[in-house]
Amino acid sequence: MNFRPSNTETPRNETKGTRPTATPTSVREVLLMMILHICKKFIFFDTNLKVGLYLCSLFLVSLIGDFMPFPRTYFARSDNLFNVYFVKMGWAWTLVLSGPFLFMTSYTLCCGNTQKLLKQHLPRILIATGFWFVWTKLFNIVETSYGRCSARSFYTKSSCLKAGHLWYGFDISGHAFILIYSSLVLIEEAKPIIKWESIREHLRNEEHNRNIAEPSSSNPLRNLTDTEIKMLKTLYEKYTPAIRTLFIGMAALQLLWDVMLISTMLYYHRMVEKVLSGIIAVLTWFFTYRAWYPSTFLPDPAGRGNFIYQRDTRPPVTLRRQPSLTPNNPTPVNIARGQVPKFMGMPLYTNMKAQQQPPTSTPPKQSFSTDLVT
């Protein structure tokens, strides 16, 4: 006799197979995401194409300006607000924004490992500063060493300018160099913001997997220790608002650099001086960020840390279009291969190819005579 007790209180708190859901998004968060999306579209414009536009514009616009002076505007004045307070202190502005951004993103991606931050990420900004200092000093040495004063009685640039005369030398454009080089450095150092928001989802999923003892083979945080996970979560929540603000500032600064570069093309220096400085800036950027950092152990490229979060872990989806049944192709693919689709063990339809084959001719039956042979 089957007996079933009436009071069967067996709570089933099974969480297997479920995933934690994201928190509701506020209107403020949506607006912030829209601003960040616009900034990403601008600052992460195809870098190779941007480099080509820089160099071609330096050549063409400057060449036109050498023979056909452009109309004078506010930007033609050397004492304009943007030139005095931004371009002349261009590298300082670049460091003010990219320096804290590099520290916060790298420190978070290294899960609070200060030693790895100092060895593998901080040298990038120091190397860039070193190249900026060397090139700008070299430009000044070339101008002062290979030039002449409008008055023959003065042989140095400083004495010539103090006397109110003009100094004619090969003045490689420091403005064009700093504007192009700063823009390229900002682009490279801003790359950790790409898929930065996905780290929150990876943290949520990894904590869930560890709570139910179900390891994931696709989560980029699966190899981190519990201490690193805890530190990553703390740093991510602490620094993300400041990282977003700095990134918006970096995008605005790069927009200003592009505007001031156009002003430099139109009103300052000769074509050869600007093109040469642009080539030096591009080659310096390419040597460091494209050749040196990705191929050596130190320093690391921007965005690399204890885990890789910018890689798409979703399996590629391939869609195959099944050929339709036509008079020229009346047989489905699976039937042509001898595989008839079945449902619950029964074929859905018979082999159409076999039905369409003409009946084979059977040999006539042999008749035997019943007459006795005498």
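The values are calculated or read from the model by the stated rules, or taken from the named source; none is laboratory data. Only a predicted model underlies this, so the values are computations on that prediction, with no experimental measurement involved. Methodologically, a virtual Cβ is constructed for each residue, glycine included, from the backbone with ideal geometry; neighbour enumeration extends over all protein chains shown. Heavy atoms of the whole protein, side chains included, go into the accessibility calculation; ligands, DNA and RNA do not. Shrake-Rupley method; radii C 1.70, N 1.55, O 1.52, S 1.80 Å.
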> Where the accessible area of the stretch 253-309 is counted over protein heavy atoms with a 1.4 Å probe, how much of it, in %, is carbon and sulfur?
Replying inline: 76 percent
> In terms of solvent-accessible area of protein heavy atoms at a 1.4 angstrom probe, what is the ranking of ILE212, ILE141, highest value first?
Replying inline: ILE141, ILE212
>> Once you place label points 7 Å from the Cα toward the Cβ at LYS238 and PHE67, how far apart are they in nm?
In response: 6.1 nm
> Between THR245 and ASN211, what FRET efficiency comes out of the Förster formula 1/(1 + (r/R0)^6) with R0 = 35 Å and r the beta carbon distance, rounded to 0.05?
Replying inline: 0.60
> According to a simple spin-label model (label point 7 Å from Cα along Cα-to-Cβ), what is the distance in nm between GLU201 and ARG28?
Replying inline: 2.4 nm
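What number comes out for the charge environment of THR288, summing +1 per Lys or Arg and -1 per Asp or Glu over other residues with Cβ under 12 Å away? Provide the component values of the computation, followed by the final result.
Working: positive: ARG124, ARG290; negative: GLU188, GLU189.
Result for the neighbourhood of THR288: 0.
Could you order peptides 202-210, 291-299 by the average number of other Cβ atoms within 10 Å of their residues, highest first?
On the way: 202-210: 17.7, 291-299: 12.4.
My ranking of the peptides, most packed first, is 202-210, 291-299.
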>> I want the local charge near PHE154. Using Cβ-Cβ distances under 14 Å, sum +1 for each Lys or Arg and -1 for each Asp or Glu among the other residues.
In response: +4
>> Taking 10 °C and 1.306 mPa s as the conditions, I'd like the Stokes-Einstein D for the stretch 133-175 in µm²/s, using the Kirkwood hydrodynamic radius from alpha carbon pairs.
In response: 150 µm²/s
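Are any of the pairs LYS41/LYS230; LYS50/LYS230; LYS157/LYS274; LYS50/LYS238 more than 28 Å apart by Cα-Cα distance, and if so, which?
Numbers: LYS41/LYS230 32 Å; LYS50/LYS230 40 Å; LYS157/LYS274 21 Å; LYS50/LYS238 34 Å.
Result: LYS41/LYS230; LYS50/LYS230; LYS50/LYS238 exceed 28 Å.
With every protein chain left in place, what is the accessible area per residue of the stretch 161-306 in square angstrom, probe 1.4 Å?
On the way: 6370 Å² over 146 residues.
Per residue, the stretch 161-306 has an accessible area of 44 Å².
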> So how do 188-197, 50-59, 149-158 stack up, highest first, on mean other-Cβ count within 10 Å?
Replying inline: 188-197, 50-59, 149-158
> If r is the Cβ-Cβ distance from LEU138 to LYS162 and R0 is 22 Å, what FRET efficiency results, to the nearest 0.05?
Replying inline: 0.40
